[in-house]
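The block underneath contains the structure these notes are about, expressed in C-alpha cells.
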Amino acid sequence: MIRNLFGAAIFAAFLFFGYGSAAFAQDVTLTSRDGTVALEGTLLTFDGEFYSLDTAYGILVLDGQGVVCSGPGCPDLEAYVAEFTFSGAPGLGAVLMPALIEAYAARRGLALHRIVLSDHDFRYVLRDEDAGRDLARIGFRITSTAEGFADLLADEADIVMAVREVRPDEAERAAEAGLGDLSVPARSRIVALDALVPIVARGNPVQSIDVETLTAMLAGEILDWPALDEPVILHARTPDAGLQQAVEDQLLAPLGRAFATAAVRHESDTDLADAVALDPTALAVTRFSEIGNAVPLMVEGSCGMPLAATRRSLKTEDYPFTAPLFLYTPARRLPLFAREFLSFLSSPPAQLVVRRAGFVDQGREAIGLDEQGIRFANAISNAGSEVPLPELQRMVNALRGGVRLTTTFRFRGGSTELDAQSSGNVADLARALESGLYDDRELVFVGFSDGEGEWEVNQRIARRRAEAVRKAVRAAAITADPSRIRLTVEAFGEAMPMACDDTEWGSGVNRRVEVWLR
C-alpha cells in the first residue's frame, strides 16, 4: 500500500545513501495529501524538498509535495533556509567559486551578502527581498585540497574544492565513512580547466624542456641548467598544497620519482610565480591559470614535437598535463538550492563567468582545417613507418571539409576508461545533442592510437574506442532525436601522433578520440 500511495516519492535508503546535512531527529507523522495513509517515524533531515524519515520500514525519503507533516519535529516550510559549505583549495575558493555564486544570485534576482568570518572563512547569505526571507547560507573554508577532503569526512563540509583528483587513500576513507566512492565520475564535476606548466624567468633562454629532463630536475637528479651552466633553483608550494600534490601525482609518481628536498617553498601560487619570475636560474611547475609574470615552457619527448599549454590545448587535452579544477560531492542528497547551483555550473552563462575570472572554460570551440596545418605537418611527418601512404591520404580526404571540435576523449593509462575531463565531455556533448545544436549535421568520432604494435591492430583498437565513445554519448543523450543527426565513426590508428610514443604520457596523448563536425 505504501508503494501504491507514494510511488516514486519513496526511495529505500539502500538505493540512495545519505541525507541532507541539517539534522532534526524528532518524531513526526507524514500523511498523504488525501489522508489515506500515514507514516510515523523520526525525522532525520529535510532539505527543502525531501523528508528523510526513519520508520518501521527502514529509512525512507519522501517528496515533501506529496505529504503533510505533523508533530513537534516538523520543519517550517516557509522559513526553510538551505545551508551547505564548500571547503578546499584557494585556487577555486578565492575567486572562481565566489564569482559563480554572485552570478547565480544575480541570475535569480537574489540579494547577496558576504560575511567575513576570518582570513580563511566567509559566508554568503542569499536573500529573496520580495519574500523577505533568506533562501541560502553558503559557507566557505579556504584551506587546501587535502583539508577539503578531511572536512568532508569530519562532516564540516558538504562540497570539496580540489585542484587535483581524489587520492586512493582519500577515496577509501570516504567510502568507509559512508560518503560513497569519490573516484567515480558521478561524485565529481569539473568547474574549470587548468594544467601543470613548467615556468622560468624571462632571462632564461630555455623555451621547451624534455619531460624526462624536467622530472629529473624536480627530483634533484639534474642540478644544473645545460644552457646556462648555472645551478637549478627549484621553487615549489608547500607539501600539503594541492598544486604540489598534483605535481607529485602526475609528473613524478608515474616515473617512480619523488620531489627533491632542496626547494624554496611558497605559501601561495602567486608567491611561487613571482619568485620564479625574478630569478633566471629558477624552475617551478605551477597551474596554467597562475603563471603570472613568469614564462611557461613547452614540453616535449625525445623525438621533439613540443606541446604548449594554451586555452585550446587544454580543452582538447592535446597538452598532456591537464589538471582540471574539481568539485567533489558525497553520495548524499544535498539541499535543492545546492543541487540547482551545481547544475548552473555547466550552463553557458556560468562558462562565461569562468572565462572572465581568468580560467579556461569548457565551452566547445571549432578548429578549422586551415588552423591545423602545423599539427598535420608535424603529426604526419612522425606517423608510424608502417602506415601506408594511401591511409594518410584517406585521413586527409575524410577530414577535409570538416572542423574539429575541442571536445576530445582520452583514456586512463592505456585502458578503455575515460579520464576525468573526458567523462565530463560525454555529458556535455550529450546535452548539446539533446538541445538540437547539431541537428541536420554529422558528428564524426575519429579514433587514433599510439604507435606500439602493428598499424592494422592499432587501427582496430582506435575504431573500438571511437565506437565506445559514440555509444556512451548516444546513451547519455536520452531526449535527442536520432533522426536529426548522424553519429559516425572513423579510425586512423597511429596515422597522426601528437607526441612521442616512448613515454606513457606521450602514448596517452596519442590515444584519443577526436570529434569532427561536418
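The values are calculated or read from the model by the stated rules, or taken from the named source; none is laboratory data. None of the values given here were measured: they were computed from a predicted structure. Here the Cβ is made from the backbone with ideal geometry for all residues, glycine too, and neighbour counts use every protein chain on show.
The test for being out of contact with any helix residue (DSSP H, G or I) (no Cβ under 8 Å at 6 or more places or on another chain) and of a type in the set (Lys, Arg) does not hold for Arg511.
The residues on offer are Arg512, Arg463, and the sole one that is crowded, with 21+ Cβ neighbours inside 10 Å and touching a residue at least 24 places away in the same chain (Cβ under 8 Å) is Arg512.
Only one residue in Phe259, Phe321, Phe326, Phe288 is touching a residue at least 12 places away in the same chain (Cβ under 8 Å) and closer than 30 Å to Asp134 by Cβ, so which one is that? From the options Phe259, Phe321, Phe326, Phe288, the qualifying one is Phe326. Screening Phe492 with (1) modelled with pLDDT under 95; (2) not in a strand (DSSP E or B) gives one miss only, at (2). One residue alone among Thr261, Thr215 is at pLDDT below 95 and over 30 Å from Ala154 (Cα atoms), and that residue is Thr261.
Determine if the range 271-282 includes at least one residue that is closer than 25 Å to Trp505 by Cα and either assigned to a loop (DSSP other than H, G, I, E, B) or of a type in the set (Ser, Thr, Tyr) (or both). No: the range 271-282 contains no residue that is closer than 25 Å to Trp505 by Cα and either assigned to a loop (DSSP other than H, G, I, E, B) or of a type in the set (Ser, Thr, Tyr) (or both).
For the range 491-518, a tally of residues being touching a Lys or Arg at 6+ places or on another chain (Cβ under 6 Å) and among the β-branched types (Val, Ile, Thr) returns 1. State all residues of the range 470-509 that are over 21 Å from Arg460 (Cα atoms), of a type in the set (A, V, I, L, M, F, W, C) and either surrounded by fewer than 16 Cβ atoms within 10 Å (Cβ to Cβ) or touching a Cys at 6+ places or on another chain (Cβ under 7 Å) (or both); if no residue qualifies, say none. Within the range 470-509, Ala475, Ile478 meet the criteria. Applying the condition of being modelled with pLDDT of 95 or more and not hydrophobic (A, V, I, L, M, F, W, C) to the range 144-164 and asking which residue is surrounded by the fewest Cβ atoms within 10 Å (Cβ to Cβ) yields Glu156.
Checked against the criteria, Ile138 counts as among the β-branched types (Val, Ile, Thr), buried (at least 22 other Cβ atoms within 10 Å of the Cβ) and touching a Lys or Arg at 6+ places or on another chain (Cβ under 8 Å). Val299 - would you say it is assigned to a strand (DSSP E or B) and surrounded by 14 or more Cβ atoms within 10 Å (Cβ to Cβ)? The answer is yes for Val299.
Comparison of Ala38, Ala79, Ala94, Ala89 shows that the only residue that is among the small types (Gly, Ala, Ser), surrounded by fewer than 20 Cβ atoms within 10 Å (Cβ to Cβ) and closer than 29 Å to Val353 by Cα is Ala94. When the criteria are applied in full, Ala468 fails the requirement of being at pLDDT 90 or above and either touching a His at 6+ places or on another chain (Cβ under 8 Å) or under 19 Å from Gln372 (Cβ atoms) (or both).
Which is closer than 14 Å to Val191 by Cα and either crowded, with 17+ Cβ neighbours inside 10 Å or out of contact with any helix residue (DSSP H, G or I) (no Cβ under 9 Å at 6 or more places or on another chain) (or both), of Pro335, Pro348, Pro330?
Of Pro335, Pro348, Pro330, the one residue that is closer than 14 Å to Val191 by Cα and either crowded, with 17+ Cβ neighbours inside 10 Å or out of contact with any helix residue (DSSP H, G or I) (no Cβ under 9 Å at 6 or more places or on another chain) (or both) is Pro348.
Of the set (1) closer than 29 Å to Gln245 by Cα; (2) crowded, with 17+ Cβ neighbours inside 10 Å; (3) under 26 Å from the mean Cα position of the chain (by Cα), all apply to Gly358 but (2). The single condition among (1) at pLDDT 90 or above; (2) surrounded by 21 or more Cβ atoms within 10 Å (Cβ to Cβ); (3) not assigned by TED's automatic domain parsing to the domain that holds Leu336 that Leu100 does not meet is (3). Could you go through the range 177-191 and let me know if any residue there is crowded, with 23+ Cβ neighbours inside 10 Å, in contact with an Asp or Glu (Cβ under 8 Å, 6 or more places away or on another chain) and either under 23 Å from Val116 (Cβ atoms) or at pLDDT 95 or above (or both). Yes - at least one qualifying residue is present in the range 177-191.
Being over 14 Å from Ile101 (Cα atoms) and in a helix (DSSP H, G or I) is true of Ser313.
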